[in-house]
1. Calculated from the structure, Kirkwood radius over Cα pairs in Å equals which of (i) 20.3; (ii) 21.2; (iii) 23.3?
2. What residue among Arg101, Arg169, Arg161 shows peak mean-square fluctuation when the chain is described by a Gaussian network model with Cα springs under 10 Å?
3. Just the Cα atoms of segment 94-227: what Rg and Dmax do they give in Å?
4. Using the Karplus equation 6.51 cos²θ - 1.76 cosθ + 1.60 (θ = phi - 60°), what ³J(HN,Hα) coupling, rounded to whole Hz, does each residue of segment 99-110 give in order, writing x for Gly and Pro?
5. For segment 23-132, take the alpha-carbon Rg, divide it by the Kirkwood Rh, and send me Rg/Rh.
6. Place a label point 7 angstrom from the Cα of Asp192 along the Cα-to-Cβ direction, then list the residues of segment 265-286 whose backbone nitrogen is under 14 Å away.
7. Quickly work out the Thr137-to-Gln184 label distance, labels modelled 7 Å from Cα along the C-beta direction, and quote it in nm with one decimal.
8. Report, in cubic angstrom per residue, the convex hull volume of the C-alpha atoms of segment 78-158.
Amino acid sequence: MNKKLLGLIFSAVLIIIIFLCAQFSSRSFNNLLGTKETNITKVFMRNGSNGNWVETNDKDKIKELFNLLNNRYYRIALNQVPRVGYSYYYDFYSGDKKLLRMTGNGNNVQINNTYYNVSEEVSHDLLKSWFNSLPVTMEGPPGIAITIGGWRIDYIAEKNRWNSIDYDREDTFKTILNKSNVTQIPYIKIGDTASICFTDNPPDKFTISDNLIDNKGIRRYNDAGTINIPIELKDGKGFFEIKKHMASGFDSYRVEGKSDLRGFRMTASWGENECEYAFIIRADSF
């Protein structure tokens, strides 16, 4: 083979090797960021599970997160198949310019549009702690879990006032019954215990009312058909007993085995943000 051609091939291979080594070499977060930590003016972080977000210009908080991410090395991963979902993503800014977005945690993260393996995992707990150390802007009402007598109960959540916007909407009981057949409403035994659990961001204030309703979701007996239930949330969890509704005894005649539709309206607030959770059950009459 021609020596000149061999030389060209050797040079091309060498260039490819150098390129690959450069691409797949370990880099610090500072190197990926392309600037000093002191030049970062803002960090924005979003929670992937609920859309809530925080941002800060505080230099100490920025340095805290920077050190968490910089104390390890990053190498481009061979697997670049796109993932679905994320725990957190966090954007770093210098002035109005976004320098970098990192997504996820653990030993594999996405930086901008490229996946990297990490020499030491990025701790989900430390990211969560950093996130929760700042004032959180809530995108919408957080999820809750409702169980009664061991059964998971479906619910809806609607905003009353959120991020300075007032919402004019349909009554939640009507919304539920417009979407569900009355026969699909779960029957609950009197004496069963109801559990309300906020999976994230428990509210500052929380109230529950037990309402006797008809099959169109309209409250029966006006205010007399509503009972306020005392409840206290501890670590985002609260419990109460399903009792017979006194207003069901207002009927002029008693029918053996009769049951009532009961609508539970839960109002939760976080500062000026307020929403309503609602669910409906069927239970024995008084």
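1. Of the labelled values, this structure produces (iii).
2. Result: Arg169 has the largest fluctuation of those listed.
3. In order Rg, Dmax, the Cα atoms of segment 94-227 give 21.7, 65 Å.
4. Residue by residue, segment 99-110 yields 7, 6, 10, 10, 10, x, 8, x, 9, 9, 10, 9 Hz.
5. Working: Rg = 13.1 Å, Rh = 14.0 Å.
Taking Rg over the Kirkwood Rh, I get 0.93.
6. 279-285
7. Result: 3.6 nm between the two label points.
8. Numbers: hull volume 15.7 nm³, N = 81.
Roughly 194 Å³ of hull volume per residue.
All of the numbers you see were taken from the coordinates with simple rules; none came from a lab. Just so it is clear, the model here is predicted, and its values are computed rather than measured. For neighbour counting, all protein chains shown are included, and Cβ atoms are generated from backbone atoms with ideal geometry for every residue, glycine included.
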